[in-house]
Structure formats: structure tokens, C-alpha cells
1. Which one of B:ASN10, B:ILE119, B:PRO23 has its Cα pushed farthest toward the positive end of the charge dipole of chain B, where Lys and Arg give +1 and Asp and Glu give -1 at the Cβ?
2. Of all the stretches in chain A, which is the longest one without any exposed loop site, taking trypsin sites (Lys or Arg not before Pro) in a DSSP loop (any state but H, G, I, E, B) with at most 11 other Cβ atoms within 10 Å?
3. Measure nothing but the geometry: give the 0 to 90° angle between the long axis through the Cα atoms of B:195-212 and the longest principal axis through the Cα atoms of chain B, rounded to 10°.
4. Greater than 30 Å separation of Cα atoms is the criterion. Which listed pairs, A:LYS214/B:LYS206; A:LYS205/B:LYS62; B:LYS281/B:LYS329; B:LYS89/B:LYS329; B:LYS62/B:LYS329; B:LYS240/B:LYS272, meet it?
5. About its Cα centre, how strong a charge dipole does region B:109-217 have in debye, to the nearest 20, once Lys and Arg get +1 and Asp and Glu get -1 at the Cβ?
6. According to the square roots a ≥ b ≥ c of the eigenvalues of the Cα gyration tensor, what is the shape class of chain A, taking rounded for a/c under 1.5, prolate for a/b larger than b/c otherwise, and oblate for the remainder?
7. Of the trypsin sites (Lys or Arg not before Pro) in region B:89-123, which ones lie in a loop per DSSP and count no more than 14 other C-beta atoms within 10 Å?
8. Can you pull the Kirkwood radius for region B:24-114, inverse mean 1/r over Cα pairs, to one decimal in Å?
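Nothing in this text is a laboratory measurement; each read-out follows from the coordinates by a stated rule. Since the model is a prediction, treat every value here as computed from it, not as a measurement. Methodologically, a virtual Cβ is constructed for each residue, glycine included, from the backbone with ideal geometry; neighbour enumeration extends over all protein chains shown.
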Amino acid sequence: MAATDESTIISTLSLKSTETKQPLTPGQLVWRRFRRHRMAMLGGIGIILLVLFIVIGSIVVPESRANNTDLRSRLAAPTSTHWFGTDSVGRDVFNRVIYGGQISLFIGIFAVVLEVTLGTLIGGFAAYYGGWVDAILMRFTEAMLAIPSLFLLIVLAKFIGQNVGQVTILGRTFSGSIGIVILVIGVTSWMFLARIVRANVLSLKELDYISASKALGANNRHVFFSHLVPNTLGPIIVAATLGLASAILTEAYVSFLGLGVQSPTSTWGNMMQSAQSFLEQGAWWMWVFPSFFIIFTILCINLLGDGLRDALDPRSSKHL
Amino acid sequence: MTINSAIQPNDLIQVKGLKKYFPVRAGVMQRVVAHVQAVDDVSFSIKKGETLGMVGESGCGKTTVGRTMLRLIEPTEGSVVYDGRDVFKLKSGDLKAIRRDLQIIFQDPYASLDPRVPIGESVMEGLSIHRVGTRQERVEIMLETLKRVGLEDYHARRYPHEFSGGQRQRIGIARALALRPKFIVCDEPVSALDVSIQSQVLNILKDLQKEFGLTYLFIAHNLSVVEHISDRVAVMYLGKMAELADRDELYRDPKHPYTQALMSAIPVPDPKLKRSRLILKGDVPSPLHPPSGCRFHPRCPIAEKICAEQEPEFIEKKPGHWVACWMAK
């Protein structure tokens with residue numbers, strides 16, 4: 001009797017000890033480091049709140065209300081019906097901030113997807129194949145870097161961005177200029193990422209697990225996508241996060257110059273652009289709200305990016 | 001190139017006149033200004049089920065020989081014949097197929113496993129690449145292989161950073177073994193391990209050899225380790241073969257002065273024993289500008305005029321005992 005009791009105790013004990021000793025995966029380690037980074041958590045929470053605001057907002061407010069003009073209440077200051085006031089043609093600024101945020105984030109995310117794809121492939125191939133492939137791709141990258149990207153951006157936006165029609169996706173009509181802006185931001189921003197990826201892959205490809213994979217019979221595609229890209233993911237994620245902030249800012253900039261997304265589709269940038277003519281008339285609500293959202297978004301994303309950089313760097317023990 | 005080199009036609013794997021020159025580039029145009037002669041005309045063959053030990057100091061090209069044989073480094077010249085086919089001439093499809101038979105174990109247990117992949121997946125990688133069986137069957141082979149190297153089922157889901165150096169080295173062995181190869185290049189597999197762990201890994205290698213009829217090329221710079229595991233031993237110096245003989249023969253009667261110097265450097269576990277040490281003068285010359293004639297002559301205690309002028313051939317002084325030295329008897 002006593003013996004069985006003891007053995008059950010021992011078995012439960014050993015069960016417990018294996019449970020608590022269950023080691024952490026690399027992902028869990030990253031999460032633990034990230035959690036202890038206070039500013040990054042703040043940034044992350046800010047982003048979540050922002051996304052919730054935009055998603056819930058666009059469910060509650062139909063898009064037609066954001067584009068609805070009401071000439072009787074032009075340039076109205078914030079009231080209980082128009083929380084953020086109205087713009088020069090009587091559209092509700094609060095509703096437009098919601099839909100503008102949607103478009104700004106949409107543009108930012110897809111521009112970053114394009115940036116990451118181009119940067120990873122170009123930087124990765126250059127490093128992996130080396131030799132003349134490397135030389136050509138890197139000279140091309142340097143050439144792209146040498147062109148002032150804002151200049152390129154404005155030229156591209158002006159040439160191809162002005163004469164595109166409307167696009168209908170999922171029953172909603174967008175100005176086709178959204179696609180152009182994504183393309184333009186994407187192709188002018190991948191260069192730094194390409195260099196980061198190249199530097200990483202250059203050091204990774206000499207490691208023995210790459211040779212082991214080749215010795216097992218892996219082809220280049222397998223080596224590249226199963227070993228090299230996953231092991232470069234840390235820097236890529238950090239660059240993508242920070243790239244998202246700069247893409248949103250660039251979109252605002254281009255739209256502010258009137259070369260980006262065209263009305264009636266709203267973005268934070270073109271809302272500010274339409275506000276600039278009414279500065280003297282004291283319509284502060286027209287620019288204060290979109291610019292607040294831009295600043296808040298950029299700040300949160302940058303904080304998040306900083307935290308991710310520390311969390312994904314296995315050598316940083318600062319926040320462990 | 002020596003025709004009558006130490007190759008037996010019936011051996012499992014035959015290396016003939018292997019050369020690997022690494023180009024040295026300089027200037028804006030990256031022109032090739034010189035070559036590092038890492039491996040220069042090396043020939044040998046390995047019998048089925050045999051372990052050929054390969055020793056030599058750092059930078060003598062022994063690792064390059066192992067990696068070039070598996071075409072992890074493209075050769076400059078020569079051939080490696082396995083199963084009647086020249087590995088260096090195979091197109092990618094055939095090369096992939098032959099890789100199932102030819103595997104490698106690495107020196108650095110930390111760099112040889114992908115830190116983001118659970119070790120079970122690493123061990124299964126080759127099976128997946130060659131589409132062996134169903135996923136379920138692959139998992140079974142993987143677990144079976146892990147057991148062979150002394151690891152448990154539950155280890156499969158863990159990541160490399162959770163293992164010790166010795167355990168990682170066994171994972172590396174399991175990865176090579178999963179495809180049930182015939183020939184494994186062991187590239188200094190125990191050099192990075194504690195002495196107590198070294199014998200453990202060596203014994204696993206020996207057991208596996210018996211069980212699966214494996215053939216090893218065992219690269220090392222530790223003569224005691226090589227003596228423990230090898231059937232025959234090859235000594236390399238500066239990209240060339242210096243001596244090749246049966247283990248006992250080589251350790252009893254080293255003919256090349258370089259081998260003799262190496263042997264006299266083996267520590268003897270008896271402090272009272274007086275030994276005559278053969279200490280070499282100078283450093284290993286650069287393989288960029290190897291010495292004329294016999295590459296060992298500037299450091300050789302018994303060198304004569306001919307050694308600086310003509311390169312000695314690799315010849316059979318006794319049955320099975322090959323030496324490249326003008327002075328060897």
C-alpha cells in the first residue's frame with residue numbers, strides 16, 4: 001500500500017518536473033524578451049487600438065457616409081453630430097479619418113509586402129549566387145539608392161498615377177491610384193532591406209548546416225527558402241515594421257502633394273492636403289485629426305520595431 | 001600525375017589526382033592574381049567497410065579533400081569514382097541520387113544544425129528531399145535513427161540550442177545516417193568535443209560502422225583519435241599526400257620525416273619516460289607559394305639537394321605502405 005503511494009507520488013513528481021523543464025522554443029524566447037520591453041508593448045497596444053478603431057469604425061459607419069457631401073454644413077467645427085468637424089464640401093472628418101486610415105494602412109502593408117519581397121529576393125540571390133549575379137544586382141541596388149527616391153516617387157506618381165480609373169474590389173470602389181502608390185513606394189524602398197538581407201545571407205551561407213543540406217541533396221530553392229530566409233527573418237521583420245511606418249509617411253507625403261490617392265477616396269495624406277487651403281480660415285480640425293493619427297501610428301510602429309529588433313536579436317540580453 | 005598511385009580498382013571509392021586551387025582575386029576588376037593550392041594531386045582509395053584516417057596540421061587541405069569529394073566544393077581537377085561513376089561528372093539529377101550514399105559529419109556541432117529547425121526535422125531533411133516513404137514512415141525512420149545515436153523520442157521536437165555539444169554531434173550523425181548512406185566523410189567530428197565525450201562519439205561511429213557496413217573517411221588532427229578508429233592512415237602535408245599505410249604499420253614504422261615528427265609529438269602518459277622529440281623548425285609555408293621540389297624540404301631534418309629540385313613520387317616502399325620522400329628507405 002505504502003509502496004504504491006510512493007510510486008504514484010514519484011510518477012506525478014517526475015511528470016511535473018518534465019513539464020516545468022519543457023524548454024522554450026526560439027519563438028517563446030523572443031516573445032519573452034519582447035514582453036519585457038515596455039515601450040514596445042506600448043507601441044504594440046497602440047497599434048492594436050488603432051486597428052480596432054479602424055475596423056470597428058468601418059463596420060459601424062458605412063463608406064457612403066464618409067464620402068457624403070453636405071454643402072449646408074461646410075467647414076463646421078467639431079460638434080456632437082460631427083465629432084471631428086466637417087471639411088470644405090461638408091464631409092464628416094471623423095468618418096473620413098476611419099476610411100482614410102484603412103487606405104493608409106492598406107497602402108502601407110502592401111507596399112511593405114512588395115518591399116520585403118523585392119529586398120529579400122534581390123539581396124538574397126546576390127549573396128547566395130555571388131560572383132557576377134552579386135555584382136549586377138548590387139550595382140543596380142546602388143543605382144536605385146543614388147536616385148533621390150522622393151524625386152523618383154514624384155515623377156513616377158505624376159506620370160502613371162494621374163490617368164488611372166477606378167478599381168472595384170469586394171464591392172467597393174477605390175481610386176486606381178492606390179495601386180500606383182503601393183507600386184511606387186514598394187519599388188523605391190527595397191534597397192536597404194536588400195543590403196541587410198545580403199549581408200546576413202553572406203555570413204549564413206558559409207555555415208555547416210547549409211553544406212549539410214546540400215550534401216543531403218537539397219537544391220538551391222530548398223536551401224534558400226528553408227534555411228537562409230527563415231534565419232534572416234529577424235532583420236526582415238524589423239525592417240518591415242520600420243518600413244511600414246515610412247511607407248505610411250511616404251503615402252501621406254505623396255498624397256499631400258496631390259500626387260497620391262485621388263478623391264473621393266480618403267487617406268490621411270490627402271485629407272491634410274485638402275486642409276491646407278483652409279488654414280487661414282481657422283479650420284484646424286481638418287488637419288489636426290489626420291495628422292494626429294499619422295503621428296500616433298508612426299510612433300507606435302517605430303516603438304514596436306525597436307522592441308522587435310531587441311527581441312529578435314539573440315545576443316541582446318537587455319530585457320531578459 | 002602519378003599513374004601508379006595508391007588506388008585499388010575494386011575499392012568502394014577512388015580518388016584520382018584530386019586538385020583544388022582557390023583563386024586569389026585582387027584589384028578593382030577582381031582579376032585572379034594567384035592560386036591557393038589547397039589540394040594538389042591527391043590520390044587514394046577506400047575499401048568497403050574500412051576507415052581511412054586522414055591527418056595533417058591545420059590548413060594542409062584535409063577538410064578540402066573531404067568536402068570536394070562530395071562536391072560541396074567544386075574540384076579543379078581529378079575524379080572521384082564511386083559505384084563505377086565519376087561523381088565530378090554527374091548532372092544534378094544523378095548527383096542528387098548519389099548523395100543518398102555519400103554523407104558528411106561536420107566538425108562544429110554549433111554551426112552544423114539550423115537553429116530554427118527542431119532536430120527531428122533536421123534528421124528527416126534528407127528523407128523529405130528524396131521523398132522517402134510517407135511522412136509517417138519518415139518519422140519512424142527518424143525516431144529509429146535518433147535511438148541508434150542514443151537520443152530519445154521526445155528530443156525530436158527540441159531545438160539545437162537545448163542540446164550539449166556531444167548531443168548535437170550525435171544529431172549530426174543521425175542526420176547523415178537517416179538516408180542509410182554507404183560512405184561518410186567524418187570531418188573532424190570530435191575535435192570540438194571534450195575528451196570524455198570524444199570516446200563516446202567515436203564508439204557510436206564504430207558501432208554504426210559494424211551495424212550498417214559503413215565506410216569512413218575520418219579526418220582529424222589528433223593522432224590518438226585516428227589510431228583508435230582507423231584501419232589505414234593517410235598523412236597530408238601542404239595539399240599533398242606524404243604517407244599512406246596500414247595503421248599499425250604507420251605507427252610502428254613511419255617512413256616520412258614529417259610523419260616521424262608527428263609521431264614524436266604524441267604525448268606519452270608517463271612523466272619518467274625520456275623521449276627524443278623531433279621538433280620541426282619554421283612554420284608551414286603558404287600554399288600560395290609552395291616550396292619547390294618536395295614541399296616539406298625547408299623544414300625537413302634530412303633534406304638533401306634533390307629534395308629542393310624534384311618532387312618525390314608517391315611510391316610503394318613496402319606492400320601497402322606508400323611514401324612521397326626521396327630519403328625514405
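1. Farthest towards the positive end: B:PRO23.
2. Result, exposed sites excluded: A:1-314.
3. The two axes meet at around 70 degrees.
4. Where the Cα-Cα span goes over 30 Å, the pairs concerned are B:LYS89/B:LYS329; B:LYS240/B:LYS272.
5. 220 debye
6. Note, shape of chain A comes out oblate.
7. Sites meeting the loop and neighbour criteria: B:LYS91.
8. So the Kirkwood estimate lands at 15.6 Å.
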